[in-house]
Amino acid sequence: MKEDVNKNDFGIFSILNKGIWEAWPICLGYIPIGIAFGVLAQKAGLTPMEIGLMSLIVFAGSSQFIAVSMISAGASMGAIIMTTFAVNLRHLLMSSSLSVFLKEVSRLKLTLFAYGVTDESFAVNYVRFKEGGWDPDSALVVNHLPNLTWIAATIMGGYGGQFIPAGAFGIDYALIAMFICLLVFQLKAWKYVLTAILSGTLAVILSLALPGNWYIVLASVIAATIVVMIVKKSGEENADDID
């Protein structure tokens, strides 16, 4: 019995060790962005408790930045909900891609896993699952350790925001900088560069005709569809290349 317990303890330690090793770069990146979000949210009128609850319930950096910006602009609750919903639709695609590796996982664990899926954790877990030797428990650590880091960082920013003047340190530029970083890391082949150029061009054109921020989502969908059609027509249809 004692031998079984020791083996189990070692297994838990191994899972935590693998998950932490993969998650720490994400956590490191979340700290400055989380603090910047907390400062912006505090300037928008949210208390540290409200900021922490938002990070706990929503846990979606880009959507939280957008929501805070819309709150500052006096947008309605319905508009904020619909906008953040549209921005996070990509999570359906990410979760679908990961589901093939989680067929034997219980519903409870799937629920916990789905809650923690972000762009960064998806990228790490998808690559590790494809390489083999990766397990759902280690993937859960990758999902939730950054989650805890994000919540703590946003609360810290909420408390520190009262001591930081509005617009100081380029904090207002944090959301734009985050999306630029995400874009740069995606530019791995010509089709990604083409998608980015088409999306930007279409967004500028559509912004002249469409009200609100829906032109961004529409431009992204149209650009991605065009590039997928080009890739298929050129014969580059193998799964690794399209992913």
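Just so it is clear, none of the values below were taken in a lab; they were calculated from the coordinates. The structure presented is a predicted model; accordingly, all values stated were derived computationally and were not measured. Because the Cβ atoms are built from the backbone with ideal geometry, glycine has one as well, and the counts that use them run over all protein chains shown.
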Rounded, prolate or oblate for segment 2-171? Axes are the square roots of the Cα gyration tensor eigenvalues, ordered a ≥ b ≥ c, and the cut-off for rounded is a/c under 1.5. prolate
Relative contact order (percent) for segment 19-148, with alpha-carbon contacts under 8 angstrom and 6 or more residues of separation? 38
Taking 0.36 nm per intervening residue step and subtracting the Cα-Cα distance, what contour gain separates T111 from V217 on full extension? 35.5 nm
With a Förster radius of 35 Å, plug the Cβ-Cβ distance of A79 and Y159 into 1/(1 + (r/R0)^6) and report the FRET value to the nearest 0.05. 0.75
Give me the number: length gained by fully extending L210 to N17, i.e. 0.36 nm times residue separation minus the C-alpha to C-alpha distance, one decimal in nm. 64.6 nm
Label-point separation in nm, A189 to K130, each point 7 Å along Cα→Cβ: 0.9
Filter K43/K188; K109/K232; K130/K191; K18/K233; K18/K232 down to the pairs with a C-alpha to C-alpha distance above 31 Å, please. K43/K188; K109/K232; K18/K233; K18/K232
Roughly how many nanometres apart are two label points built 7 Å out from the Cα toward the Cβ at M229 and I71? 4.1
Could you give the nm distance between label points at I57 and R90, where each point is 7 Å from its Cα heading toward the beta carbon? 2.4
